[in-house]
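Below is one structure, written out as structure tokens; comments come after it.
Only the coordinates and a few stated rules stand behind these numbers; no lab work does. All values reported here derive from a predicted model rather than from experimental measurement. Don't worry about glycine lacking a Cβ; one is built from the backbone with ideal geometry, like all the others, and counts go over all protein chains shown.
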Amino acid sequence: MNIIKEYMQLDKIEGPLIVLSGVDNASYDEIVEIKTNSGIKHGKVVQLHNDKAIVQVFETTSGMSVRDVSVRFTGSPLEINLSKDILGRVFNGIGEPIDDGGEIFGGVKMDVNGRPMNPVARRYPRNFIQTGISAIDGLTTLIRGQKLPIFSGNGLPHNQIAAQIVRQAKISEEEGQDFAVVFAAMGVKHDDAHYFLKAFEESGVLERVVMFLNLADDPVVERIITPRCALTAAEYLAFNHNMHILVIMTDITSYCEALREISSSREEVPGRKGYPGYLYSDLASLYERAGMMEDSSGSITQIPILTMPNDDITHPIPDLTGYITEGQIVLSREIFQRNIYPPINILPSLSRLMKDGIGEGYTRDDHPAVSSQVFSSYSRVQEVIALSQVIGEDELSDIDKKYLEFGRAFEEKFLKQDFDENRSIDETLELAWDILSILPKSELDRIDSKTIDAHYRG
Amino acid sequence: MDKIQGIITYINGPVIKAKNMEMFKMREMVTVGEKRLIGEIISIDGDIGTVQVYEETTGLKIGEKINSTGKPLSVKLGPGIIGNIFDGIQRPLNFIYEKSGGFISEGIGLASIDLTKKWDVVVLVKEGDIAKEGSLFATVQETPLITHKLMIPPGISGKIIYAAKNGTYDLEEVLLKVDDGKTVHDIKMYQEWPVRTPRPVKKRMPIEKPLITGQRVIDTFFPVAKGGTAAIPGGFGTGKTMTQHQLAKWSDADIIEYIGCGERGNEMTEVLEDFPKLIDPNSNLPLMNRTILIANTSNMPVAAREASIYTGITIAEYFRDMGYNVAIMADSTSRWAEALREISGRLEEMPAEEGYPAYLPSRLAEFYERAGYVTTLGNDEASVTIIGAVSPAGGDFSEPVTQNTKRFVGAFLGLDKKLAYARHYPAINWLSSYSGYLASLNSWYKDNVSEDFMNLRGQMLKVLQEESKLLEIVKLVGEDVLPDEQRLILEIAKLIKIGYLQQNAYHKDDTYVPLNKQYRMLRVIKLFYDHANETIKKGIPISKVKSSQLYNDILKMKYSIPNNYKNEFDDFENQISAYFDSLIEAYEG
């Protein structure tokens, strides 16, 4: 039988890390319990060297002393207890209930780190999710099982867009299948968390939401665990109970900063901008948990939200995210300031999976060509705008003037919509034809003539 | 048996250290701990050995044992590789799926191709024959498309003292006994080869043949050679993976190996679902019959990502040794370089540029140098072509992986964000890309396509270059100010860009375009250019030239003229000449 030892003394406390020696039988990645005067804290083993263990503490280490503690190794990695009762509940960043509902009983214990999904076991996502937002449905279509982040900036309405998607997305139209939303907040402000709570309430899905909250004033290290708890809950619901799960994770930037903080206190060799060299692998271990699997009809669709520091899309966080996720929805401050909601800059936005989820049999046969044409024409608009700034709008050729008109119509009619406006895919595509018809037929070089004849106005 | 065991003293992610390791060998494969995780020794210092572990180390304890396997990290090479999908250390993912379900767990142990599967073997030698290393001794029809040629492993030569008869055997049965005078070697259907050692060849040969991809911008403008190397760098969303998939689908190599190195799981699934349905234009059989997949997705253990590249190239070399032209798509080499960086960081090595280890350039060079056009030990001509995707951080080509890759590859197909935003695919930038193989492929194009093909290519590229200069002016003063000759260049450049360079991967004809059609399309554009130029010199305004229906027809000829065209191009050319003749006539008359 195993004797559980308690260690009464630490060698060192530094930021979120504690070092203790004389340890035997500790295993890598296991969870430790630390009893202090101010209650029980948790941590996990991040490095072992002979009899020394380095433990990363999830809560704050302030108030902890090297003497007055008792550390116990639990022998297992961080697990959370899951059952269908988690629906409608609120948890803290490490998966402990913080509403009045009490503990979760009688469920399954699951390791929050998860395991990589075998590519052989995946099902390729092909089903279109209608979000009711034209810019997304028409141009960067969301597919069930996709991971499609919103690249935003501070002060931009990313929360509203996410809330609108939750409210309008038909993620479960067929077979009356169950759906649920898993919400992970990492270092977000109280009012943001409250906003989401209210939004879920208003759209009547509160009973189907599982929330994991690590707010801005909660311990930073806890943030590393929060999305993992959330995704574990999502995997449980999707693959054990065949539900369609939409996971919203915000804000990935706070998560990465927490990672950097721990990395630097561990004195690791820094990569770009001080972020650890394994940031890519670490982010991938979150994002890759989206998808669909053989043997289960459930799915996990992820909408991570990240705020680009200084609106810089080449910053390591959006950059590495874009390499892992299946596209991105990029918000633009410039468009936002022109009072257009949703302020989506379509040119850098992309949905990698839309090619297999739109067109005949999915949305409408003209969808692929129309979206390609809108992208190509709108990118021409940018060139024309640049030119008109130099030579003035009056000097533009007639065709360039048409492009300017198209650009304006695109932003005012197609892009712009109300927070509670829910457009069907047909409406979105008809709207696209309305604005494409501003351009002469000969400029529509991405659409074949038969389709043009069928839809072109006038 | 009293085996030497190491004792773990240090654990940090995929890097562990152990004592009592002085009898272990560098680069030896070991099993780690009670779960018997697979690892490889990457340094030995006194009795302390450092091991990189190819599986998750969660739950590993100090004091657990390390066992030797006595051999370096190797792959088993034999029938059963094609059409299969492996992880970074050649474990079949289907096997892992059966064993551990939808999620990959650790401690599955070593696995490789199925050694119990029976194959029909045709034996080509008899007792008393002299066998040379690399020579063919039997064949197995592995897929309808690929005959797997069983070869005497490198390093073994001698007299055959036993040869099995034609029949059905599994991989463990001895098919041949070869006596080299000292020992008798049992030869089975498979051989083992350490992944970090290149397989030997008789001679490296100069590069002379293109790898035909059916992609116009590559075949015409920036050709890749069989046995050559190419890099496809591009920021996210520029279509690297798409381009790699197109190459994997349509390249005229005999065997395609696709290494998904640190990329998305869904992309591998897409390949797994699509390729069995896609038909190879050369053989009319599903593409899966010639495809090998290696997948280490971004959430799979990082150390195995480092190994996946070597596993891949070793398998490619093995099929090359049979006389096949093999093309490897590595997507993406940046993830591999980052895996190097991650492990290097955990080893606390002194970092060089951007945290990458100082040996990054030499590792890249070692990898790309394993490509080549060769004469094999069995006297066949064969090749390994490497096409590596590069994912530069922030889309900035000045970062170390892109820069170092540029030093070692022959062709550079730079993807451009701006083109991708305008949905110009493939988004290969014609100004920053280059191919170093033009000179060596020149005579092949002359003999096989047309005498004036390279010439035509040069002229069209010149138009594109002039256009980029003119666009600078247009940006300042607008297009209307330019003289008609220059506006014509803009129009022709548009024809080339939209009508030629843009290629629709989802169009049944346009996704793969044979070389002769590429040539005829280019010739049409050139003909139009020449005529238009002449017309404009006579003072006819450009609006007359551009407004013609012909201009739009040229833009759409990629769709309207089928790949197996007959007279369409001749007719089209006549039509163009006739139109301009009448235009000039009307104007002069």
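Kirkwood hydrodynamic radius of chain B from all distinct Cα pairs, in Å? Write out the running numbers ahead of the final one.
On the way: mean 1/r = 0.0379 Å⁻¹.
Roughly 26.4 Å, rounded to one decimal.
Work out how much length B:Asn563 to B:Lys118 would gain on full extension: take 0.36 nm times their residue separation and subtract the Cα-Cα distance, in nm to one decimal.
Numbers: separation 445, 0.36 × 445 = 160.20 nm, distance 4.15 nm.
The B:Asn563-B:Lys118 span can extend by a further 156.1 nm.
Starting from one equal scatterer on each C-alpha and no solvent at all, send me the Debye-based log10 I(q)/I(0) for segment B:136-211 at q = 0.23, 0.24, 0.25 Å⁻¹, two decimals.
Results for segment B:136-211 at q = 0.23, 0.24, 0.25 Å⁻¹ read -1.19, -1.23, -1.27.
Between A:Asp448 and A:Ser264, what length in nm is gained on full extension when 0.36 nm per residue of separation is reduced by their alpha carbon distance? Provide the component values of the computation, followed by the final result.
Working: separation 184, 0.36 × 184 = 66.24 nm, distance 5.58 nm.
Here the segment from A:Asp448 to A:Ser264 would lengthen by 60.7 nm.
Indicate the helices, whole DSSP H runs only, in chain A that combine a mean Kyte-Doolittle hydropathy of -1.0 or more with a Cα extent along their long axis of 24 angstrom or more.
Helices passing the filter in chain A: A:367-391.
Hey, can you rank B:197-209, A:320-332, A:53-65, B:500-512 by average C-beta count inside 10 Å, highest first?
Details: B:197-209: 15.7, A:320-332: 24.8, A:53-65: 19.8, B:500-512: 17.7.
In decreasing order of mean packing, B:197-209, A:320-332, A:53-65, B:500-512 become A:320-332, A:53-65, B:500-512, B:197-209.
Test of understanding: express the Cα radius of gyration of segment A:182-247 as a ratio to 2.2 N^0.38 Å, with N the residue count.
On the way: Rg = 12.4 Å, N = 66, 2.2 N^0.38 = 10.8 Å.
Relative to the 2.2 N^0.38 Å estimate, segment A:182-247 comes out at 1.15.
Shape of segment A:274-415 from its Cα gyration tensor (a ≥ b ≥ c, root eigenvalues): rounded if a/c is under 1.5, otherwise prolate when a/b > b/c, or oblate? Let's see the in-between values first.
On the way: a/c = 2.87, a/b = 1.51, b/c = 1.90.
Note, shape of segment A:274-415 comes out oblate.
Please work out the ratio of the alpha-carbon Rg of the protein assembly as shown to 2.2 N^0.38 Å and round it to two decimals. Please report the intermediate quantities before stating the final value.
Numbers: Rg = 30.7 Å, N = 1047, 2.2 N^0.38 = 30.9 Å.
Relative to the 2.2 N^0.38 Å estimate, the protein assembly as shown comes out at 0.99.
Taking the Cα-to-Cβ direction at B:Leu285 and at A:Arg408 and moving 7 Å from each Cα, how far apart do the two end points lie in nm?
6.2 nm
Cut-off is 10 Å between beta-carbons; in what order do B:Ile279, B:Ile525, B:Ile259, B:Ile89 appear when sorted fewest neighbours first?
Least crowded to most crowded, the residues run B:Ile279, B:Ile525, B:Ile89, B:Ile259.
Given the DSSP H assignment, sum -39500 (n - 2.57) over each helix run of at least 4 residues in chain A and divide by its residue total; what's the result at 222 nm in deg cm²/dmol, nearest 500?
On the way: 12 runs with 135 residues, N = 458.
Helix contribution divided over all residues of chain A: -9000 deg cm²/dmol.
Can you say what percent of the DSSP beta bridges in chain B, counting only those with both residues inside, are antiparallel? Round to 5.
Details: 66 of 93 bridges.
Bridges in chain B that DSSP calls antiparallel: roughly 70 percent.
List the aspartates and glutamates whose alpha-carbon lies under 12 Å from that of B:Lys19, not counting same-chain residues fewer than 8 positions away?
B:Asp45, B:Asp47, B:Glu64
Shielding of A:378-390 by partners, i.e. mean partner chain Cβ atoms within 10 Å per residue? It would help to have the intermediate numbers written out before the result.
Values: counts 3, 7, 1, 0, 3, 5, 1, 0, 1, 6, 1, 1, 5.
Partner Cβ neighbours, averaged per residue: 3.
Hey, what's the per residue convex hull volume over the C-alpha atoms of segment B:52-199, in cubic angstrom? Before the final figure, lay out the partial values.
Numbers: hull volume 20.2 nm³, N = 148.
Enclosed volume per residue, from the Cα hull, is 136 Å³.
So, with +1 on the Cβ of K and R and -1 on the Cβ of D and E, and no other charges, what is the size of the charge dipole of segment B:181-288 about its Cα centre, to the nearest 20 debye? Don't skip to the end; give the middle numbers.
Numbers: 14 positive and 13 negative charges, 127 e Å.
For this selection, approximately 620 debye.
In Å, what is the Rg of the alpha-carbon atoms in segment A:26-168, and how long is Dmax?
20.9, 62
Over 28 Å between Cα atoms, which of A:Lys413/B:Lys546; B:Lys446/B:Lys526; B:Lys538/B:Lys558 qualify? Write out the running numbers ahead of the final one.
Details: A:Lys413/B:Lys546 32 Å; B:Lys446/B:Lys526 18 Å; B:Lys538/B:Lys558 31 Å.
Going by Cα-Cα distance, A:Lys413/B:Lys546; B:Lys538/B:Lys558 fall outside the 28 Å limit.
Taking the Cα centre of chain B as the origin, how large is its charge dipole in debye, to the nearest 20, when only Lys and Arg (+1) and Asp and Glu (-1) carry charge on their Cβ atoms?
400 debye
Report, in whole Å, the centroid distance computed from the Cα atoms of segment B:547-562 and segment B:452-508.
16 Å
Using only C-alpha positions, report the orientation-averaged shadow area of the convex hull of segment B:1-121, nm², one decimal. Each step should come with its number before you reach the end.
Values: hull surface 35.1 nm².
Quarter of the Cα hull surface area: 8.8 nm².
Quick one: of the DSSP bridges fully inside the protein assembly as shown, what percent are antiparallel, nearest 5? Each step should come with its number before you reach the end.
Details: 110 of 167 bridges.
Of the beta bridges lying entirely in the protein assembly as shown, close to 65 percent run antiparallel.
Express in whole angstrom the spacing between the alpha-carbon centres of segment A:358-430 and segment B:65-139.
Here the answer is 54 Å between Cα centres.
Sort B:Tyr97, B:Tyr310 by Cβ crowding within 10 Å, fewest neighbours at the top. List each step's numbers first, then the result.
Values: B:Tyr97 19, B:Tyr310 23.
Fewest to most other Cβ atoms nearby, the residues stand as B:Tyr97, B:Tyr310.
Counting residues in segment A:150-273 as N, plug N into 2.2 N^0.38 Å and put the Cα Rg over that result. Walk me through the numbers before you get to the answer.
Details: Rg = 15.9 Å, N = 124, 2.2 N^0.38 = 13.7 Å.
Segment A:150-273 yields a ratio of 1.15.
So how compact is segment B:459-589: Cα radius of gyration and Dmax in angstrom?
15.4, 47
Please rank B:Met242, B:Met268, A:Met186, fewest neighbouring Cβ atoms within 10 Å first, as an exposure proxy. Intermediate results must be reported in sequence, preceding the final value.
Values: B:Met242 18, B:Met268 25, A:Met186 31.
So the ranking, lowest neighbour count to highest, is B:Met242, B:Met268, A:Met186.
Past 22 Å, Cα to Cα: identify those pairs from B:Lys35/B:Lys118; A:Lys355/B:Lys226; B:Lys76/B:Lys118; A:Lys401/B:Lys537, in the order given. Can you show the working numbers first?
Details: B:Lys35/B:Lys118 31 Å; A:Lys355/B:Lys226 31 Å; B:Lys76/B:Lys118 16 Å; A:Lys401/B:Lys537 29 Å.
Over 22 Å apart, Cα to Cα: B:Lys35/B:Lys118; A:Lys355/B:Lys226; A:Lys401/B:Lys537.
To check you understand DSSP bridge types, tell me what percent of the beta bridges within segment A:114-233 (both residues inside) are antiparallel, rounded to 5.
Roughly 20 percent of the beta bridges in segment A:114-233 run antiparallel, per DSSP.
Starting from the Kirkwood Rh over alpha-carbon pairs, what translational D in µm² s⁻¹ does segment B:198-271 have by Stokes-Einstein at 37 °C and 0.692 mPa s? Don't skip to the end; give the middle numbers.
Numbers: Rh = 14.2 Å.
Stokes-Einstein gives a translational diffusion coefficient of 232 µm²/s.
Work out the charge dipole of the protein assembly as shown with +1 on the Cβ of Lys and Arg and -1 on the Cβ of Asp and Glu about the Cα centre, then indicate which of B:Leu287, B:Ile152, A:Gln302 is farthest towards its positive end.
B:Ile152
If you count, for each residue, the other Cβ atoms within 10 Å and average over each peptide, how do B:181-188, A:192-199, B:144-151 line up from highest to lowest? It would help to have the intermediate numbers written out before the result.
Numbers: B:181-188: 13.8, A:192-199: 17.1, B:144-151: 20.2.
Final packing ranking: B:144-151, A:192-199, B:181-188.
Run the helix sum for chain B: -39,500 (n - 2.57) per DSSP H stretch of 4+ residues, divided by residue count, reported at 222 nm to the nearest 500 deg cm²/dmol.
Details: 15 runs with 194 residues, N = 589.
The helix-only estimate for chain B comes to -10500 deg cm²/dmol at 222 nm.
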